[in-house]
Each structure stands twice: as structure tokens, then as C-alpha cells.
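Everything below concerns the one structure shown next.
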Amino acid sequence: MMFPEDFTAWIRSLREEHIITYASTPHEADNIRDIDFSQGGVMLIGNEGNGLRPETMAACDRSVRIEMKGRAESLNAASAAAILLYHLTL
């Protein structure tokens, strides 16, 4: 877990190193199941109340979501992190 002071600058530095950044969101985004994570990358997960800041989302290479069934609108951050990181390591 990391908490850089300036996420946007940190994301830019990752891009310079050719590291793909993924922003997680419960909103419209690419389905986590449809993404090829074979090159690895960094998954950004926001807090449960507000998620990631818009400027952080915009700075990332891709936005991803976990497809939800039923009435649930979102998962808590720990559950979402477990699912997202599992897919990142497949």
C-alpha cells in the first residue's frame, strides 16, 4: 500500500517506466474479466466513501470495474481490492 503526496505525478512517473496503471471504479469502465493483465501493472483503489479523485482516475491508463450481480452497488474497499488484485496476478 502506498500513499504518495501527489498521485498524478506518481502515475506519470510509472508511465515513464512503462508501468500500466488501472483505476478501479464501480461506475462505467472496462470489465475486470475482459482485461489482459499479462504485463502486470498497478491497481489504484479509492476509499469506500468517495473512491478515487477525478484527476487520479483521468491520469490512469485504464478504468476497471468488477461486474456486480443483484442489487449491490459496490463492494467495500478490502473486498474489491482482493478481487482486483487476484485478477491482476492471473
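For GLY46, are the conditions met, namely being on the phi > 0 side of the Ramachandran plot and out of contact with any Asp or Glu (no Cβ under 9 Å at 6 or more places or on another chain)? Criteria not met by GLY46. Within the set SER13, SER79, SER63, SER74, the sole residue that is of a type in the set (S, T, N, Q) and part of a loop (DSSP other than H, G, I, E, B) turns out to be SER74. Within segment 49-60, the residues that satisfy the criterion of being touching a helix residue (DSSP H, G or I) at 6+ places or on another chain (Cβ under 7 Å) and either assigned to a helix (DSSP H, G or I) or without any contact (Cβ under 8 Å) to a residue 24 or more places away in the chain (or both) are GLU55, THR56, ALA59.
Just one of the listed residues (GLY40, GLY46, GLY70) is over 19 Å from LEU88 (Cα atoms), out of contact with any helix residue (DSSP H, G or I) (no Cβ under 6 Å at 6 or more places or on another chain) and modelled with pLDDT under 95, namely GLY70. The condition (being of a type in the set (Lys, Arg) and closer than 22 Å to TYR86 by Cα) is satisfied by just one residue among ARG71, ARG12, ARG33: ARG33.
Exactly one residue out of THR25, THR8 is in contact with a strand residue (DSSP E or B) (Cβ under 9 Å, 6 or more places away or on another chain), of a type in the set (S, T, N, Q) and touching a residue at least 12 places away in the same chain (Cβ under 8 Å), and it is THR25.
The values are calculated or read from the model by the stated rules, or taken from the named source; none is laboratory data. Given the structure is predicted, the values throughout are model-derived calculations rather than measurements. Cβ atoms come from the backbone with ideal geometry, glycine included; neighbour counts cover every protein chain shown.
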